[in-house]
Amino acid sequence: MSEVLKFAFKGNRNYVHGTSLFNALIDAAGQKGLAEGKINVSFKHMTHNPVCILDERAPTAADAVVAKIAGPDGESYSMCINAAAEIEEEAVRQDFDEPEACRGSIVGDKAIVQNHPHHVDRIELLVSLCKKMHLECLDSSKKWVFSRYDGRFPIPAMEKVELRITKQVGTRLTCSDVLVNGEKIADMYFS
């Protein structure tokens, strides 16, 4: 399976946002018949071309995005996304208001909580909250980026969401628990 994908750049970014890539992988899993399961996706390199190629194959060190997706019956797929080498287009821009997504959240000691989340795209919400937590709790001068998600999909409907930093390597890498309605659903990594 090889598919051409076209992404919008969110806000003022000049790269494809990890949340867009995550959602594309979940859509691809759905096309394979997986409506739910586990996904372990790593974002290794920024993708500056809005036109990308999604391949179902074993990953290589050169791949920008790699994912292992497993269903509840043990079936699994490896997928990779890379910028298209032969096709390049001007990026379409999409509004992305991270502060609005985080409205009403409360930042604590290496944690952030939001009751009754109002942002529709669940992975965008999680990434926005995690970024806010990193900027306020760890280092506001660093450009923190979403680097990995290892957990359930789809992300469940949320009444309450909480992220807590559980591991930290200086200001280079963190791992946070993602709790939805009091249940841990994933580990989210930022670097």
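Table for the structure above
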item	result
Matching option when the condition is within 16 Å of the chain's Cα centre (by Cα), outside any loop (DSSP other than H, G, I, E, B) and of a type in the set (Val, Ile, Thr), among Val120, Val161, Val113	Val161
All positions within the stretch 98-134 that are on the phi < 0 side of the Ramachandran plot, touching a residue at least 40 places away in the same chain (Cβ under 8 Å) and open to solvent by 40 Å² or more (accessible area, probe 1.4 Å)	Asn115, Asp121, Lys131
Looking only at the stretch 34-85, and only at residues there that are in contact with a helix residue (DSSP H, G or I) (Cβ under 8 Å, 6 or more places away or on another chain) and β-branched (Val, Ile, Thr), the one that is nearest to Cys175 (Cα to Cα)	Val41
Residues of the stretch 65-96 that turn out to be more than 21 Å from Asn12 (Cβ to Cβ) and either at pLDDT below 95 or not basic (Lys, Arg) (or both), as a count	21
In the stretch 36-60, residue nearest to Lys10 (Cα to Cα) [restricted to those that are surrounded by 15 or more Cβ atoms within 10 Å (Cβ to Cβ) and among the hydroxyl-bearing types (Ser, Thr, Tyr)]	Thr47
Test set (1) under 25 Å from Asp55 (Cα atoms); (2) crowded, with 18+ Cβ neighbours inside 10 Å; (3) touching a residue at least 40 places away in the same chain (Cβ under 8 Å) - Ile155 fails condition number	(3)
Among residues of the stretch 45-83, those that are within 18 Å of Gly151 (Cα to Cα) and touching a residue at least 12 places away in the same chain (Cβ under 8 Å), counted	13
Tabulated pairs, the stretch 171-188, first in the same structural domain as Ser141 (by the TED database) and free of Cβ contacts under 8 Å to residues at least 40 places away in the same chain, second open to solvent by 60 Å² or more (accessible area, probe 1.4 Å) and of a type in the set (A, V, I, L, M), C-beta under 8 angstrom, 6+ apart or interchain	none
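The values are calculated or read from the model by the stated rules, or taken from the named source; none is laboratory data. All figures in this text were calculated on a predicted structure; none of them were measured in a lab. Note: ideal-geometry Cβ built from the backbone for every residue, glycine included; neighbour counts use all protein chains shown. The accessibility values were calculated without ligands, DNA or RNA, using every heavy atom of the protein model including side chains. Shrake-Rupley method; radii C 1.70, N 1.55, O 1.52, S 1.80 Å.
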